[in-house]
1. Of B:474, B:340, B:30, which is farthest on the positive side of the dipole of chain B, counting Cα position, with +1 on Lys and Arg Cβ, -1 on Asp and Glu Cβ, and the Cα centre as origin?
2. Distance cut-off 25 Å, Cα to Cα: go down the list B:48/B:353; B:32/B:353; B:296/B:353; A:3/B:271 and report the pairs above it.
3. What is the order of B:374, B:210, B:46, fewest Cβ neighbours within 10 Å to most?
4. If you take the charge dipole of chain B about its Cα centre, with +1 on Lys and Arg Cβ and -1 on Asp and Glu Cβ, which of B:287, B:457, B:436 is farthest toward its positive end?
5. For the stretch B:412-604, what size does the Cα cloud have along each of its three principal axes, sorted from largest down, in whole Å?
6. With charges set only on the Cβ (+1 for Lys and Arg, -1 for Asp and Glu), what does the dipole of the protein assembly as shown come to about its Cα centre, in debye to the nearest 20?
7. If N is the number of residues in the protein assembly as shown, what value comes out of its Cα radius of gyration divided by 2.2 N^0.38 Å?
8. Multiply the residue gap between residue B:264 and residue B:440 by 0.36 nm, knock off their C-alpha separation, and tell me the result in nm, one decimal place.
Amino acid sequence: EDKTFDEFLEAVATLRDSDTVRTTAHTSNAATETWLTQ
Amino acid sequence: MPVTRTAPTDLESLYAPMSSTGLDTAVSVILKLRGETCDIDCLYCFEKRKESPGGARISTAQVHRLGSIFSGRPLSVELHGGEPLTAGRERIAEILDALAAQPNVIRVSLQTNGLQLDDAWLDLFERHYPELEIGISLDGDALGNSWRVGYDGRPTYPRVVEALELLGRRERRVGVICAVTPYVLGRASEVMEHLASFPAVTTVSLVPCFDAAVTRSTTVAGSRTPTSRALQRRAIGPTGPAWAVTPRQYADFVLEAAHHWVADGLFRRAKLEPVVSVIRRLRGLQTRSCHFSELKCDHVLTLYPDDRLGSCDELPWPQAGLASLGGVHTEADVASAQGGSRLLQQARSLVTKCTTCDYRDTCGAGCPAVRLRFAAAGDEDAYCDHRIRLIDGVAALLTQPDLPPGASCSRLRWRPVRPNNMHHVSAFLARWDDPTVPRSPARLQVSANGNINTVGLPGVHEADDLDPHHPQWYEGIEPGIRPVVDVLTSGWNTVTYDSCQGHAYADLPGDEPRFLSVGILPRDRAEYARTAVRLCRAASRAESSLPGACSLVLGRSELTCRTTGRIYPTLDLHLMPAAGTTSAEYFEDLAQAVHVLTVALAEAASVPPSSPCACGGEQ
């Protein structure tokens, strides 16, 4: 469990802002862009 | 709304009017391709409750007109319903071609119940708009999908599963919208495992059925009542519909799902919303979800086949209507209609309350459409409470993942300190525990107001990072906070990275007073958990003895290393003015409050490492 959590935190640490155009997603649209590094 | 001690921000940072953004910001347009027309009859459908005429289809001429009205603005388009695929293959192909031909359309997505999806549809998408993003509505497993039925009352679930399996074979990525109803409550692990088992699913969005205000079934068009509407009537009781959940139930379900998403490693396969949006906001990053950003109802438009152009489809109609598409010629016309909309004025008015909320930078003010419903029912606090619960719960998950959902400390609140950074955190931690490391002389200057920093000025300025082995350690700590720092470093053996005794700045008109605080930097996860429990225990002991003008606030925050960029979780302790007290009263009581706090912290030093929180976890 500790290893899984460490991996999760490492993944969270890679989050960045990189949208060149900001968009807003309406509630009912499950945006399918990848959140994270098969 | 919680008691606030936060300086107000401007409304536009929480709710941006369209006129305040430009070419770098898209407008989201929901195309209701056939209005409310749908090939199934889910009991909770919000679109059919509007009881507007369906049947007609949006034309390519309307799509082109929309593109020309917003010619200077990026557009993100959602094909929506009802069920958009009931518009037929020929019309969908024409619409996709029209969207592909418009240079300002940067993204097109489709939200479908999935029943019609087959190879022919997927081939059509690939021919006419290969980048089309697909969203499927599926409320978890078979039991969770009990509200999703055909007009004959039969479940749609088996056919949606077939569609997801087809999408997997075709290597398409899809997002799933999972409505949170009583049929999934308490079963987050099963629901998450089931949804993540489909190779096609790379996003799961948990959306709440906050429908307690629904009191009657949807009107039937025609003389014969379909079985589904009979089921719907039976499901609506005197206290609302059986599919509704409370904000508290929704927040708890999301946190339970988040726990499994992390612990079971599902994060490797799929994104979970709104959890990822909360994480991004906790980290100060932008998110696309309008519930967490300032791009709210003024950046979301809905177009119906009969030319009605309005705001977000979550808002009540006809009040959300802005104009007829044929009656507007420019973006400025739309912005003008938004400015004159009584409903949007009410939405902005609700968000105004958030400008002084402690959670506003993370929460982003939520969904005005839902808040309007809660406000009408006189229960807006329930909405705000669930947002706070979500934020505190996800913040706890990022630091104490081994705690089961609902067991994290109710006293520890997300209280980001910004800016909060240090030159080299790991070097500082290593130095703290090693008396043999050479230490450079510290630059200590004292301001006329008692601030100790490198420049000797009031306000937030750089201060050298000292440790107890440094010869100038005591000299570098403001005297009013020294007893607290002493207990935390000597009694608890914790690392303090920042401290402030509080400064009234009474002689500096225009300067906001600074209140007492200490920042603790746990060395590892186990020390974080142990320190959190001790802080809760100390707060429990101190609360009844603190003088009236001071209140103790325990915060979770983060410290960023400027050298490596790594983010370290911290636990911060603040003595703040109690609700309704003035700054002068606070500073009059502060010395007594520090004494009470110091005694409580010293007593908590003997709390065994495995002890539970004094609060017994979330209440």
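1. The Cα lying farthest towards the positive end belongs to B:30.
2. Pairs exceeding 25 Å: B:48/B:353; B:32/B:353.
3. Listing B:374, B:210, B:46 from fewest to most nearby Cβ atoms yields B:46, B:374, B:210.
4. Farthest along the dipole direction, towards plus: B:287.
5. 46, 37, 28
6. Taking the Cα centre of the protein assembly as shown as origin, the dipole is about 1180 debye.
7. 1.05
8. Going from the current span to full extension adds 58.7 nm.
Coordinate-derived values only; no laboratory data. Bear in mind the structure is a predicted one, so any value in this text is a computation, not a measurement. A quick note on method: Cβ atoms are made from the backbone with ideal geometry, for glycine too, and the neighbour counts reach across all protein chains shown.
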